[in-house]
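> Let me give you the structure first, and then I'll get to my questions.
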Amino acid sequence: MLKPNGSFLMIDNVVPDKSHLAEFMNTMEKLRDESHVQCLSIETWRQLFCQAGLSVIKSESRKKTYRFPQWVKRTADSPGQIEEVENHILRASNEIHAYFHVQIADRHVQSLQVDEWMVLCQKKSE
């Protein structure tokens, strides 16, 4: 949202810079929510802001935890879709499990973490 003073605040999930981690996350999101298009990296967002005439004033990244059963049910239409998302996560490599802090108990995903970016931008002076 661009405010009257030319500032813009965005809080959104972002993908890691490594392409295979980004692909995993975007696939997981698409399996969970058919309307999902693409999460972008921080670097891509910075380029888009620059092209739009915005400069980053302040930013902060953090890990956001999703409790898997509640998170997946928010957009999944069926138990089969939930199973597909969970299987995608369970089949992932140890590296992916470590990066996303995937917690598994009794062969079921309990939680995972994604990167979230909070950024304050301002319209560049003309």
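The values are calculated or read from the model by the stated rules, or taken from the named source; none is laboratory data. Predicted model only: the values in this text are computed from it and were never measured. Please note: Cβ atoms are built from the backbone with ideal geometry, for glycine as well, and neighbour counts cover all protein chains shown. Heavy atoms of the whole protein, side chains included, go into the accessibility calculation; ligands, DNA and RNA do not. Shrake-Rupley method; radii C 1.70, N 1.55, O 1.52, S 1.80 Å.
> Write out, first by first residue and then by second, each pair whose Cβ atoms fall under 7 Å of each other, whose residues are 6+ apart or on separate chains, and whose first residue, in segment 53-66, is touching a residue at least 24 places away in the same chain (Cβ under 8 Å) while the second is surrounded by 11 or more Cβ atoms within 10 Å (Cβ to Cβ) and aromatic (Phe, Trp, Tyr).
Partner pairs satisfying both residue conditions: Leu54/Phe8; Val56/Phe49; Ser59/Trp117; Ser61/Trp117.
> Being open to solvent by 70 Å² or more (accessible area, probe 1.4 Å), modelled with pLDDT under 95 and closer than 30 Å to Ser59 by Cα, is that true of even one residue in segment 101-112?
Scanning segment 101-112, I find no residue that is open to solvent by 70 Å² or more (accessible area, probe 1.4 Å), modelled with pLDDT under 95 and closer than 30 Å to Ser59 by Cα, so the answer is no.
> Shifting gears a bit: Any residue in segment 47-58 that is farther than 19 Å from Val119 by Cβ and assigned to a loop (DSSP other than H, G, I, E, B)? Reasoning before the result, please.
Taking segment 47-58 and keeping what is farther than 19 Å from Val119 by Cβ, we get none.
Looking through segment 47-58, none of the residues is farther than 19 Å from Val119 by Cβ and assigned to a loop (DSSP other than H, G, I, E, B).
> Specify which of the listed residues (Thr27, Thr44, Thr65) is modelled with pLDDT of 95 or more and in contact with a Ser or Thr (Cβ under 6 Å, 6 or more places away or on another chain). Step through it out loud before you land on a result.
Working: Thr27 fails: in contact with a Ser or Thr (Cβ under 6 Å, 6 or more places away or on another chain); Thr44 fails: in contact with a Ser or Thr (Cβ under 6 Å, 6 or more places away or on another chain).
None of the others qualify; the one that does is Thr65.
> Something else: How many residues are part of a helix (DSSP H, G or I) and surrounded by 12 or more Cβ atoms within 10 Å (Cβ to Cβ) when one looks only at segment 59-90? Before the answer, list the steps.
We begin by selecting, within segment 59-90, every residue part of a helix (DSSP H, G or I); these are 68-73, 79-90.
Going one step further and asking which of them are surrounded by 12 or more Cβ atoms within 10 Å (Cβ to Cβ), we end up with 68-69, 71-73, 81-90.
Qualifying residue count for the region: 15.
> Just wondering, is there one or more residues in segment 14-32 that are loosely packed, with under 12 Cβ neighbours inside 10 Å, touching a helix residue (DSSP H, G or I) at 6+ places or on another chain (Cβ under 6 Å) and more than 20 Å from Ser125 (Cβ to Cβ)?
Scanning segment 14-32, I find no residue that is loosely packed, with under 12 Cβ neighbours inside 10 Å, touching a helix residue (DSSP H, G or I) at 6+ places or on another chain (Cβ under 6 Å) and more than 20 Å from Ser125 (Cβ to Cβ), so the answer is no.
> Related question: Among the candidates Ser93, Ser55, which residue alone is surrounded by 12 or more Cβ atoms within 10 Å (Cβ to Cβ), over 17 Å from the mean Cα position of the chain (by Cα) and of a type in the set (Ser, Thr, Tyr)?
Details: Ser93 fails: surrounded by 12 or more Cβ atoms within 10 Å (Cβ to Cβ).
Exactly one of Ser93, Ser55 is surrounded by 12 or more Cβ atoms within 10 Å (Cβ to Cβ), over 17 Å from the mean Cα position of the chain (by Cα) and of a type in the set (Ser, Thr, Tyr), namely Ser55.
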